[in-house]
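Notes to accompany the following structure.
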Amino acid sequence: MLDLMSGFISELRNAGLPVSLTENLDAMEAIKHIPLEDRDAFKYALGATLVKNNAHWRSFETVFEVYFSLRGPEYAIADDADAGDFWREMQEQLQSQDGDSRGAAGGAMDQMTPEEMMAMLMKALMAGDQALMRALARQAVQRFAGMEPGRPVGGTYYLYRTLRNLDLDSMPEKLMEASRDEVGGQLTPLEERLERDEHEHRIEQFKQEIEAEIRRRLVADRGAEAMAKTLRKPLPEDVEFMHASRDEMQGLKKALQPLTRKLAARLARKRKHERRGPLDFRSTVRHSLSYGGVPADPRFKYPRPAKPELMVVADISGSVAAFARFTLMLVYAIQGQFSKVRSYVFIDGIDEVTDFFKGTEDISEAIHKVNTEADVIWVDGHSDYGHAFEVFWEKYGRDVGPKTTVLLLGDARNNYHASQSWVIKEIRQKARHVYWLNPEPRSYWNTGDSIVGEYATHTDGVYECRNMRQLEAFVEKLA
Amino acid sequence: MAPRFESVQSVRDGLRKVNYLADDGIAGVAFLADRLGKPILVEGPAGTGKTQLAKSIADMTGARLIRLQCYEGLDESKALYEWNYKKQLLRIQADRKSDSWSEIHDDIFGPDFLLTRPLLEAITADDPVVLLIDEVDRVEVETEALLLEILSEYQVSIPELGTITAKQIPLVFLTSNNTRELSEALKRRCLFLHVDYPDMHREKEIVLAKVEGVSQNLADQIARIVRSIRQLDLKKAPSVSETLDWARTLVLLGIEHIEAEQAKETLHILLKYQTDIAKAAKELSVDK
């Protein structure tokens, strides 16, 4: 157990979770009080002592699954069982499990035709029957995934194979029909909507069962450590903008909101506390009354430092679109911290998009509009920083003033067009600051058609902004 | 000291008796907190029953609830203790002649002249208490340090008096709305519990338990609609307390079965932003 725990904790650290020594000891202490057979309680005991940030919970869960998935009562397999034994045992377990949860019908699951199996699945999904769903997930993995011990293929491949055979895409439609039949006739739109959500939820559950099952088998085959390594995912704040998958993007979006709230609170506080304002005479006299008229406790006005004006100029061509979108979202989410925010987007043409954000509280909606409606294509829709900057200077250059901070976002991959870096030089002379944020790793800068170095000489600094953490740090510095 | 709870299950059952429906995580962490003698840091969106959890635990164990509401500018004289200056002054003036200096000095810095504030009160209490430190994320980082000694050692050091150690280890709950990152030192001393929106079944049970006169059918529908609404991309998703308000409204209006029209008309109880209401109304009625 001790070995297992220390392996588990070092894996958590590898995944980026900050687990301190005392927390480790606490966890050890905690599991003494928990009956080990109770897998959920065990998990929560570890979670409560080791994970102190909700954003890290998912990473924790993955590692937990990998290390302890074979240790629940139902999956009790000896650690050193070799692969052959494992398959046989799995088989037996399936039989016995189904036996008690489903009676005779489940026991014969092995002999079912695919059609029968689909019918079973329908039934399970309709009734929301967890036990049956789990049994079916196992059966499906066994039947369709074609897993072989020792084969060096990732879990996603098996998942894909299983799902393709199950044809879950048509499932919502079928389920809808079944629900309609159940009530005998038409559902009101509201009911229909609710039913659909319910079904989606259940199908999602089923998919998770399948994933868990695949993972369980892989762990048994390869061992926890090797598996954990392949499953290791960056924490939300470490996900790179340029290579985020769709799921990770969703996670990022979710992480953005609490982050902006925190950031705004922190900035407001910083602004208030950083230094004292001039003496507040009125308040001082008022407070002196409690000392018999002696002004023993001088009061100061809250300082009101000028808020910076912000101009964001973002490249939204394919490669860096995600990054630009995020930065815009972040900036607008905390726009209260700036006296004015104006934003421009470009590919090879440039367009002002400030108006898209005006009068709407829904930032993602506005971003969507930016992506679809902004007029950013001049010739061929390949990034041309030079031309975009030139036009920017011509059209909006006079709006750049001594209070303005200009933010340039992009990877400076200019497709070998002219750089027109004199524009940046001009801007810098008029503006308070000019910063460049580059979502590429520093080692890629100035390679190929990237000319960030040429622009950099005219800015106040170029910052690498590959993930949320770096972006957050920069924005805090800015405001 | 004897543990307060027998098992995780007993925590759950106990909480259920006082009308708080805990899930495995909540009950498990509460159980551990008692066994390990550690405070619980409860975090999660507003209106998911973080404060209520502390109240319910107090209710269930028959303990007194001592609450410290945190705010910006909270200091030790409000949280820990304060010397009762007026009383000290009176004491000095009362007999100027008799006592020698050292006697008075010893006297006016005694427990009689100490005003206990919530934290000290929780430590010195003889009867069982539950200490609730509410919205701990509102105090400044520096003030957080005030809490550290009490949270890890259950003691308070007063320079003039010495160290006061707890007679019994109280159950401590800290709640946070996560408006800022709490310091590592504080987090390390606590068990962490994230309370999220409940899943559909739990929410239905909560509605059934808390709202009088609601039928199974209606509660089920309410829980399902709320879940659908939470899946939308909203500024502020409806909290449990808002769900309960909504359920009460529907019961008052005598609605047994929610139609899209009625849902739309009462949405403003569930959602507090105009854009959110518009969005939800659109989603619920058009449905494509």
Review point. If you keep only loop residues by DSSP, which GluC sites (Glu not before Pro) in segment B:152-203 have at most 16 other Cβ atoms within 10 Å of their Cβ?
Key: B:Glu160, B:Glu181
Exercise for review: Starting from the amide H of A:Leu437, placed 1.01 Å from N in the peptide plane, find each other amide H under 5 Å away whose residue is 5 or more places distant or on another chain.
Suggested key: A:Leu408, A:Leu409, A:Gly410, A:Tyr463
Check your understanding: Mind listing the phi-derived Karplus ³J(HN,Hα) values for segment A:37-49, rounded to whole Hz, using 6.51, -1.76 and 1.60 with θ = phi - 60°, and x for any glycine or proline?
Key -> 5, 7, 5, 5, 4, 4, 4, 5, 4, 5, x, 5, 8
Check your understanding: Each residue of segment A:376-386 in order: what ³J(HN,Hα) in whole Hz does its phi give by Karplus 6.51 cos²θ - 1.76 cosθ + 1.60, θ = phi - 60°, with x for Gly and Pro?
Key -> 10, 9, 10, 10, 10, x, 10, 3, 9, 5, x
Revision key, fill the gap. Expected integer from the mean partner chain Cβ neighbour count at 10 Å over A:26-37 is 3
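Could you work out the mean count of beta carbons from other protein chains within 10 Å of each residue's beta carbon in B:192-201?
What the average comes to for B:192-201 is 3.
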Point to revise | Residues whose placed amide H lies under 5 Å from that of A:Thr404, excluding near-sequence neighbours | key: A:Arg432
**Study point:** Shape call, the protein assembly as shown: gyration tensor on alpha carbons, a/c limit 1.5
**Key:** oblate
Check your understanding: Looking at the square roots a ≥ b ≥ c of the eigenvalues of the Cα gyration tensor of chain B, which shape do they give, rounded for a/c under 1.5, prolate if a/b is larger than b/c, or oblate?
Key -> prolate
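Please state the shape class of segment A:306-478: rounded when a/c is under 1.5, otherwise prolate if a/b exceeds b/c and oblate if not, all from the C-alpha gyration tensor. List each step's numbers first, then the result.
Values: a/c = 1.26, a/b = 1.18, b/c = 1.07.
Taking the square roots of the gyration eigenvalues as a ≥ b ≥ c, segment A:306-478 is rounded.
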Point to revise | Local electrostatic count, B:Phe113, Cβ distance below 13 Å [Lys/Arg +1, Asp/Glu -1] | key: -2
Check your understanding: Using the 10 angstrom Cβ neighbour count as an exposure proxy, how do A:Trp422, A:Trp393 rank, fewest first?
Key -> A:Trp422, A:Trp393
Practice item. Give the order of A:Leu21, B:Leu193 when sorted by the count of other beta carbons within 10 angstrom, beginning with the fewest. Key: A:Leu21, B:Leu193
Review point. When the helices in the protein assembly as shown are scored as -39500 (n - 2.57) per DSSP H run of 4 or longer and the sum is shared across all residues, what 222 nm value do you end up with, to the nearest 500 deg cm²/dmol?
Key: -16500 deg cm²/dmol
Exercise for review: Calculate I(q)/I(0) for segment A:401-475 by the Debye formula, one identical point scatterer on each C-alpha and no solvent, and give its log10 at q = 0.23 Å⁻¹ to two decimals.
Suggested key: -1.06
Exercise for review: Give me the percent of DSSP beta bridges within the protein assembly as shown that run antiparallel, rounded to the nearest 5.
Suggested key: 25 percent
Review point. What is the sum of charges around B:Thr175, taking Lys and Arg as +1, Asp and Glu as -1, for the other residues whose C-beta is under 10 Å from the C-beta of B:Thr175?
Key: -3
Review point. A:Lys254 to A:Arg180: extension gain in nm, 0.36 nm per residue of separation minus the Cα-Cα distance?
Key: 23.2 nm
Revision key, fill the gap. Checking segment B:1-78 for chymotrypsin sites (Phe, Trp or Tyr not before Pro) in a loop per DSSP with at most 15 other beta-carbon atoms within 10 Å yields B:Tyr71
Exercise for review: Please list the non-local residues whose amide H lies under 5 Å from the amide H of B:Leu68, H modeled 1.01 Å from N, same-chain partners needing a gap of 5 or more.
Suggested key: B:Leu132, B:Ile133, B:Asp134
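Using a 10 Å cut-off on Cβ to Cβ distances, tally the other chain neighbours for every residue of B:12-18 and report the average as a whole number.
0
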**Study point:** J(HN,Hα) series, segment B:151-157, from Karplus relation 6.51 cos²θ - 1.76 cosθ + 1.60, nearest Hz, glycine and proline x
**Key:** 6, 9, 9, 6, 8, 10, 9
**Study point:** Residue order, fewest to most surrounding Cβ atoms within 10 angstrom, among B:Ile104, A:Ile350
**Key:** B:Ile104, A:Ile350
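Bear in mind that the values in this text are calculations on the coordinates, not laboratory data. Please read all numbers here as calculations on a predicted model, not as lab measurements. All Cβ positions, glycine included, derive from the backbone under ideal geometry; neighbour counts span all protein chains shown.
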